[in-house]
Structures are given as C-alpha cells and as structure tokens.
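Taking it in order: structure first as structure tokens, then the write-up.
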Amino acid sequence: MGKIIVMTSGKGGVGKTTSSAAFATGLALRGFKTVVIDFDVGLRNLDLVMGCERRVVFDFINVINGEAKLNQALVKDKRVDNLYILPTSQTRDKDALTKEGVERILNELSKEFDYIVCDSPAGIERGALMALYFADHAVIVTNPEVSSVRDSDRILGVLNSKSRRAEKGLEPVTQQLLLTRYDPERVERGEMLKVDDVLEILAIPLLGVIPESQAVLRASNIGMPVILDENSNAGQAYLDAVGRFLGEEVEHRFTSAQKKGLFSRLLRRTA
Amino acid sequence: MSIFSFFRAAPKASAVQAKERLQIVMAHERVGRSGPDYLPMLQQELLAVIAKYVDIDDNKVEVKLDRGGDCSTLEVNIELPSRDQIKAPVGKDMPVSKPANGSAKGEDKDPPKAASALTNGGVSKRR
C-alpha cells in the first residue's frame, strides 16, 4: 500500500508545487515508485514545473470521469526512473473533484506506487480539502512571514478535523513543517522570523528549511525540479528533507548566514 | 541617517513584532475553532442567574473581552439597582424557571459574536 503525502499550506505562492515536484523527484531518486498529482484543477502548473507540459494528453479529471484509463493519463518522467506525474485539467473547475472519484484513483495508485504526492491548491476549499482528505502524511509548506504562518496554522486545524483520518478516528495525519524561502541574513538582521519562532508557533516537527535561492526560478524556467540541481543550496536542502522524511538523521543546513569577509561586506555597502 | 539616530534606542526588530502578533492572534483563533463556543451561553446563563435575584436593567450590563498575550479577561459589569429594588431571595417553593420579577432579562440579550475566548493563550498548546 502506497503512502499518501499532501503538500499543503493554505496560502498561495509559498512553494507547494516547487516542493511537490522536488519531493516526489527525491523519493523517486531513492528508488521509490512515486507519483505526483496536481490537485489545482483549472490552474494546472505542476506539468510546467516538472517539464512535461507537452506530453499531457489526458488528466486526473478525465480519469475520475472515466474518460481515460489511469495509465493513459500518467506521464512518465524522462529524467528519473520510478517517477510519474498525474496532471490536472485546465478547463474544468474544482467541483470535478468528487470524494468518491478521488478515492478510487488513489486506491488504484496505491496498489502500484510507494508514494503518492498530492500537490494541493491554495485555500481551504474543495480542491485543497480533497488533496488533504486521504493523506497519511502532511508536509506544511510555510514561508517565514506572518500571513503564511497563520494560514499554515489554519490548515493544521483543517487536517485535525476534516481529514479522513480525523473523521474516522484513526491515527492522525503526521504533520511536518517545510520552511521555504528562508533568508538567514535577513533573519540575522531581525527582519525575518527565525526557524525556531515558526516552530514555536506552529508546534510541529521540522522537516526542512529551504533557503531562498535563485536556483528555484532557474529550475522552473527550464522545467526541472530544483532537487536535480545538486549544486544549489535549495536542491541540497530538498535532498536533506527527503532523507529526513525517510527517517534519516540529517543535520539542518543553510539556516545561518555565511560569514562574510571584510571585502564582500564593503561591496555590499556600496551595492 | 543622522548622527543622532545612533543614540536613539533601536526599535524592536520587525521579526520580533511579527512573532508576538502571531502568537496573540493565533492563540485566539485556535480557541475559536476547537469545540463549541460556550461563551455566549455562559453569558446568558450568568445573567439569568443574577436576574433571578436582582432586577437587572439590560442597558446597565456591560460585557468586555480583553485579549492579551498571556491571558484574556472576560469582564461583566452589572449595575445593581438601589437597595429598595432588590428582590427577596427566591424560595424553594418558587418555580425556578420563572423569576419573581418577570422574565430573565439576560436571556433575550444577543451576546457579542466576537466574544469567543476565555482562556489562557497557550500558543504551544495544540488541541
């Protein structure tokens, strides 16, 4: 039975899709058969971030409606073995996601895959609720910023009350924090919430801290999950986070500012 | 940047303010979403009990909720009527549901909807 992971946040633009793409790719790199599903019906974007937008024929909604077979809609990644993408529809809306339909597809996928990564849309409406409803694990993607932290707390409340596990009284969905767009230099200047501040407020375990990095935009420009850019801080931070998710003890990196020499300090002054 | 600003006390770092604001607002939001909202009921019942013994003027009941970082206070100020207006205590033979002096005025009061917190703001605590 495959495990279902939801990448969720409440707030938009914090890096759910980037993280879903990176995380799914990371799990596949570790040899797990992984599928990543786009739940953002009507605003399809995972295909672009994964670089498979030109190979989409059928989508998640087609499969729910019985218009296509699951295997016809799954797009196999060209770079990483064991990695598949299930894109969503761009023309339909979130009402096309029925609980029964989603459950049927997830059941079918979990027979074949080790991990199913659900890329949630922003908000707390149908799309987001469907993405988290069947989850075993939730990765809460948060920026160190007040509105993102508040929305993350809200979504934690939803997970604790409206997920399948909550409704059926099963063991709760595990919840881990992925803090993205972290800028240690701004933290040191007192301009950004510290990792510890966010952890104290949200009170869930830390899966990883992804530093603010130009590599993220570069990667999405070319349709490559940033985790494949192993030279970048962000790529390495995602690799670490995947390791931690799999139970390994990996020390946190990129959480403190690099010590700067006098020369670069002077340069910064004039910049 | 003038030379004098060097001597001024540094303002609180914005990240510190962010944390404090989040802690306060989220403590209350968490309380608001967990379990039934008992506060309006509590207010109604408190007023009903008092109305049983004292003739309360609805306009002289003041309910204030103060949300602080560590704790919140619910303040109910009821102005009691002058001594000669106070009712005799309700005896055992009197029907409890019908106070001596007509209806319990507290019951038809519409309690403020925002009043949702009467607890400590335990931020690290999750239901």
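The numbers here are math on the coordinates, done by the rules we state, and not lab data. No experiment lies behind these values; they were computed from the predicted model shown. Heads up, the Cβs are rebuilt from the backbone with ideal geometry, glycines too, and the neighbour counts pull from every protein chain shown.
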Once Lys and Arg are counted +1 and Asp and Glu -1 for all other residues with Cβ under 14 Å from that of A:GLY2, the total becomes -2
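Among A:SER161, A:SER20, which comes first, second and so on when ranked by fewest other beta-carbon atoms within 10 Å?
Listing A:SER161, A:SER20 from fewest to most nearby Cβ atoms yields A:SER161, A:SER20.
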Whole-Hz Karplus couplings 3J(HN,Hα) for segment A:165-174, θ = phi - 60° and coefficients 6.51, -1.76, 1.60, Gly and Pro as x, run 4, 5, 5, 8, x, 7, 4, x, 4, 6
I'd like the FRET efficiency for A:GLU103 and A:MET1, computed as 1/(1 + (r/R0)^6) with the beta carbon distance as r and R0 of 22 Å, rounded to 0.05.
0.95
Per residue of segment A:33-46, in order, report the coupling 6.51 cos²θ - 1.76 cosθ + 1.60 (Karplus, θ = phi - 60°) as ³J(HN,Hα) in whole Hz, putting x for Gly and Pro.
6, 10, 10, 10, 10, 8, 9, 8, 5, x, 10, 4, 8, 4
Could you work out the Rg to Rh ratio of segment A:45-109, with Rh taken as the Kirkwood radius (inverse of the mean 1/r over all Cα pairs)?
0.96
Calculated from backbone phi, Karplus (6.51, -1.76, 1.60) coupling profile of segment A:198-203 in Hz, x at Gly/Pro:
5, 5, 5, 6, 7, 6
To the nearest 20 debye, what charge dipole does chain A have about its Cα centre, counting +1 at the Cβ of each Lys and Arg and -1 at the Cβ of each Asp and Glu?
460 debye
Amide H neighbours of A:LYS33 at under 5 Å, excluding residues fewer than 5 places away on the same chain, with H built from the backbone geometry, are A:ASP114, A:TYR115
Counting only DSSP loop positions in segment A:47-98, the trypsin sites (Lys or Arg not before Pro) whose Cβ has at most 12 other Cβ atoms within 10 Å are A:LYS69, A:LYS78
If you take the square roots of the eigenvalues of the alpha-carbon gyration tensor of segment A:113-178 and sort them as a ≥ b ≥ c, do you get rounded (a/c under 1.5), prolate (a/b over b/c) or oblate?
prolate
Could you work out, residue by residue across A:183-189, how many beta carbons of other chains sit within 10 Å of that residue's beta carbon, and then give the average as an integer?
1
Applying 1/(1 + (r/R0)^6) with R0 = 25 Å to the Cβ-Cβ distance of A:GLU191 and A:GLU125, what FRET efficiency is obtained, to the nearest 0.05?
0.15
Percent of C-alpha pairs per 10 Å bin, chain A, short to long
7, 31, 36, 19, 6, 2, 0
Only Lys, Arg (+1) and Asp, Glu (-1) charged, at Cβ; segment A:75-210 dipole about Cα centre in debye:
400 debye
Largest first and in whole Å, give the semi-axes of segment A:1-99's equivalent ellipsoid, each being the square root of 5 times a Cα gyration tensor eigenvalue.
20, 17, 13
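Go ahead and run the numbers for FRET between A:LYS111 and B:LEU80, Cβ-Cβ distance against an R0 of 51 Å, rounding to 0.05.
Efficiency computed from Cβ-Cβ geometry: 0.10.
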Mind checking the angle between helix A:233-245 and chain A's longest principal axis? C-alpha axes, 0 to 90 degrees, to the nearest 10.
60 degrees
Selection from A:MET1, A:LEU48, A:GLY12 lying farthest towards where the dipole of segment A:1-57 points positive, charges on Cβ
A:MET1
Mind checking A:201-208 for the average number of partner chain beta-carbons within 10 Å of each residue's beta-carbon?
2
